[in-house]
1. Put +1 on the Cβ of each Lys and Arg and -1 on the Cβ of each Asp and Glu in the range 76-333; which of LEU116, PRO307, ALA135 then has its Cα farthest toward the positive end of the dipole?
2. Take ASP102 and ALA19, extend 7 Å from each Cα along the Cα→Cβ direction, and tell me the distance between the two endpoints in nm.
3. Can you list residues whose amide H is under 5 Å from ARG44's amide H, if they're 5+ apart or on another chain and H is modeled 1.01 Å from N?
4. Per-residue HN-Hα couplings for the range 346-361, Karplus 6.51 cos²θ - 1.76 cosθ + 1.60 at θ = phi - 60°, whole Hz, x for Gly and Pro?
5. I'd like to know which of ALA155, VAL175, ASN205 lies farthest towards the positive end of the charge dipole of the range 127-255, counting +1 on Cβ of Lys and Arg and -1 on Cβ of Asp and Glu.
6. Got a number for the accessible area of ARG46? Probe 1.4 Å, square angstrom, nearest 10.
7. I want to check the label-to-label distance for ALA170 and SER453. Put each point 7 Å from Cα in the C-beta direction and report it in nm to one decimal.
8. Express as a percent, rounded to the nearest 5, the fraction of DSSP beta bridges in the chain (both residues included) that run antiparallel.
Amino acid sequence: MPRGAPEALAGQGACGPAAILRRQSLRESAARTYARALPVVPVRARGLTIEGADGRRYLDCLSGAGTLALGHNHPVVLEAIRRVIDSGAPLQVLDLATPVKDAFTTELFANLPPALAADARVQFCGPAGTDAVEAALKLVRNATGRQGIVAFTGAYHGMTAGALDASGGATDVRVTRLPYPQDYRCPFGEGGARGADLCARLAENLLDDPKSGVPAPAGMILEPVQGEGGVHPAPDDWLRRLRKVTADRGIPLIADEVQTGVGRTGAFWGVDHAGVTPDVMVLSKAIGGSMPLAVVVYRAGLDTWAPGAHAGTFRGNQLAMAAGTATLAYVRENRLAERAAALGERILTALRSLAGHHPGIGDVRGRGLMTGIELVDPEAEQVPGQPAPADPELALAVQRECLRRGLIVELGGRHQSVVRLLPPLTLTDEQATAVLDRLADAVAAAELLRNRSGHPPRKHP
Ligand code: PMP
């Protein structure tokens, strides 16, 4: 039995983990995601480690889909939450001013790109990333009086209607989709600086051609590193070009930093790598220090909303603001973005060396502590000039083998063929080694299983 775990949870009876998982599969929606691939019943967590009700320990490189910048239950986060509770402060106050909120806004503004902080407004939204995306789209539509939005292939902005429409795979007529640069599967067959240049040119051309069929948009939304889309860092030069393209044409640029923000990519914000200042930044996940919180920060000139034009009951979560303030301050004071950059380089180097030994790893990508490997089928029929086709089954097998070895990883990418690592920024060198060892073992085991099963070679779609 796990140390100190409630007996009922540790046992295999009606309250044991197997029964809990069985009831979950019977009672919860068919839309369950992580719960399907990760049959874990967490009962305790600290830092990188999660302890399951079955007593097993896992290294958690999913981090609540990139939410836990400081890992689980970091002491500064717990202390901040306890302080609010012990103070007797109200926990929920809509959008009223409180000292807790004031401290959060001060810390947030202190960390924003200086050119934005100098003249910024913040809208506290409903608590999820998708709420902040909706607010941002509505904001720029209101401010510009235009309707169209430019978004990118492979994008992920959330699951509510507007955010979903801006995500790859959607077909909303008000959203124009432009290619996001990617080296491995570059739509122009180029990759690198040339591929990024062509992506930027296409944006310029479509926006300037009066017969392109793309009316002047209300805004352009992009992720500085596409996370769910398969870990694609935006080339710095491409991002600077798009900043210029949008600025020259009076199109607000919205940076969706829901996943990339707060040090994750090796800079405090993903846009910092390119030295770009967006007009609007969408923030959630890490800014709530593991509690639900989302905001949109934008140039004051866009603040054309009438009172009440955007509202929501859950804008006043004091515990999330306190946890978020503590997290932002801890990342800043301990220079965790720089730490993420250094450790991320080490992880990328190790993954590239791993790829050298495993033909099933087609590509290794990442920035800071947002890294991924794309699994492919090297035995498949080859199309000249194209990489091997993605292999989602192999990716799933790697995820499963990771779990068997006590490592929790995320799957993503266009074909769900990218195994992603999103460890906390507090990851130690020793923990990074343990993660990499388990992943290397899991890749070897998954490849072996595939080769043994003599699976038919995949055809290009
Ligand atoms: N934008 C990005 C870039 C994201 O990665 C996510 C979540 N993965 C969202 C928006 C949506 O956030 P939420 O799931 O909290 O609605």
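1. PRO307
2. If labels sit at ASP102 and ALA19, their model points lie 5.1 nm apart.
3. Sorted by chain and number, the residues that satisfy this are GLU51.
4. Values per residue, Gly and Pro as x: 5, 5, 4, 4, 5, 5, 5, 5, 4, 4, x, 9, 10, x, x, 8 Hz.
5. Of the listed residues, the answer is ASN205.
6. 140
7. The two pseudo-label positions are separated by 3.4 nm.
8. The antiparallel fraction comes to roughly 70 percent.
The values are calculated or read from the model by the stated rules, or taken from the named source; none is laboratory data. Keep in mind that this is a model prediction, so the values were computed, not measured. Ideal geometry is used to build each Cβ from the backbone, glycine not excepted, and the neighbour counts take in all protein chains shown. Side chains included, ligands, DNA and RNA excluded: accessible areas come from the protein's heavy atoms. Shrake-Rupley method; radii C 1.70, N 1.55, O 1.52, S 1.80 Å.
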